[in-house]
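Read the structure below first, then the notes.
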Amino acid sequence: MTITDLQARKLDRAFDHFDFNRDDLIERGDFAELGERFLLGFGHQPSSGRGQNLIEQFDQIWFALATELGADSLTRADFRTGMDAAFISGNKFSPVLRPVARTVIRLCDTDSDGQIGLAEFTIMQEAYGTAPEDIATAFEMIDGDGDGQLSVTELERAMQDFYVGRKPTAPGNWLFGEL
C-alpha cells in the first residue's frame, strides 16, 4: 500500500524524533537513546527493571524495521518504507507498537490515576524533542472531551492515529504539534 502525503509528513516527524544524533540515519542506538530520554525525564534509570523493559520495547520497533528492510541503518526513505511495510500495511502494530505505546503511557501516568496531565505530557514531548510551542496545542487537540486531562485511551488512540492512521482529521495527527 502506498502511504499518503499526510502519512509521509507524520513519518518524517517520527524520523526526526528517532534520529537522535541528527546524522540523517536511524540506527539501533537511536531507539535506545529515545528510550533513555523518556526514562530520565520521568526519573527512572535505564538500568532499572522499568528502564530495561522500555529500552527492550523500543528495540522491538528497531528489529521490526531492520528485519523488514534487511538493513542496519535507515534513511528517511527507508524509514517510511519500513514503517509502511511493518506497521501501516503490515500486521505488526498490535504486537510491537501498541505495547511500546502502553509502556510509554504508563511512564507518563506518574500518579497512576489513568490520566495524563499537561505536565506529564510535556515531559513525554520533551523526550521526543517536540518544539515547546507545539506541546500545549497537541495536548488540547488530543483532549477529545476537553477535561484538561488525557485518558490512557485518548493518548493510545492518538499514538495509533499518528503512526498508522490515514484519516486527515484524526486528533492523533496533532500528537507532536501541527504538521
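The values are calculated or read from the model by the stated rules, or taken from the named source; none is laboratory data. Computed from a predicted model, the values in this text were never measured in an experiment. Note that we place each Cβ from the backbone using ideal geometry, even for glycine, and neighbour counts take in every protein chain shown.
Scan the stretch 15-61 residue by residue and report those that are touching a residue at least 40 places away in the same chain (Cβ under 8 Å) and in a loop (DSSP other than H, G, I, E, B). If the condition is that a residue be touching a residue at least 40 places away in the same chain (Cβ under 8 Å) and in a loop (DSSP other than H, G, I, E, B), then 24, 25, 27, 42, 44 are the ones that fit. In this structure, residue 90 does not qualify as of a type outside the set (Phe, Trp, Tyr), modelled with pLDDT under 95, more than 23 Å from residue 131 (Cα to Cα) and part of a helix (DSSP H, G or I). Residues in the stretch 38-61 that are of a type outside the set (Gly, Ala, Ser) and crowded, with 19+ Cβ neighbours inside 10 Å: 38, 39, 42, 54, 55, 57, 58, 61.
Among the residues of the stretch 89-122, the one identified as over 13 Å from the mean Cα position of the chain (by Cα), β-branched (Val, Ile, Thr) and surrounded by 20 or more Cβ atoms within 10 Å (Cβ to Cβ) is 116.
Out of 67, 110, one residue alone is modelled with pLDDT under 95, part of a loop (DSSP other than H, G, I, E, B), more than 17 Å from residue 17 (Cβ to Cβ) and among the β-branched types (Val, Ile, Thr). It is 110.
Return yes or no: is residue 80 at pLDDT 95 or above, more than 21 Å from residue 127 (Cα to Cα) and either surrounded by fewer than 17 Cβ atoms within 10 Å (Cβ to Cβ) or not small (Gly, Ala, Ser) (or both)? Criteria met by residue 80. Among 154, 140, which is the only one that is part of a helix (DSSP H, G or I), in contact with a strand residue (DSSP E or B) (Cβ under 9 Å, 6 or more places away or on another chain) and more than 19 Å from residue 17 (Cα to Cα)? Just one listed residue meets the conditions, 154.
Taking the numbered list (1) under 22 Å from residue 177 (Cα atoms); (2) modelled with pLDDT of 90 or more; (3) not polar (S, T, N, Q) in turn, residue 20 passes all entries but (2).
Against the numbered list (1) outside any helix (DSSP H, G or I); (2) closer than 24 Å to residue 87 by Cα, residue 163 comes up short only at (1). Identify, by number, the condition in (1) within 24 Å of residue 4 (Cα to Cα); (2) among the polar types (S, T, N, Q); (3) in contact with a strand residue (DSSP E or B) (Cβ under 6 Å, 6 or more places away or on another chain) that residue 149 doesn't meet. Exception for residue 149: condition (1).
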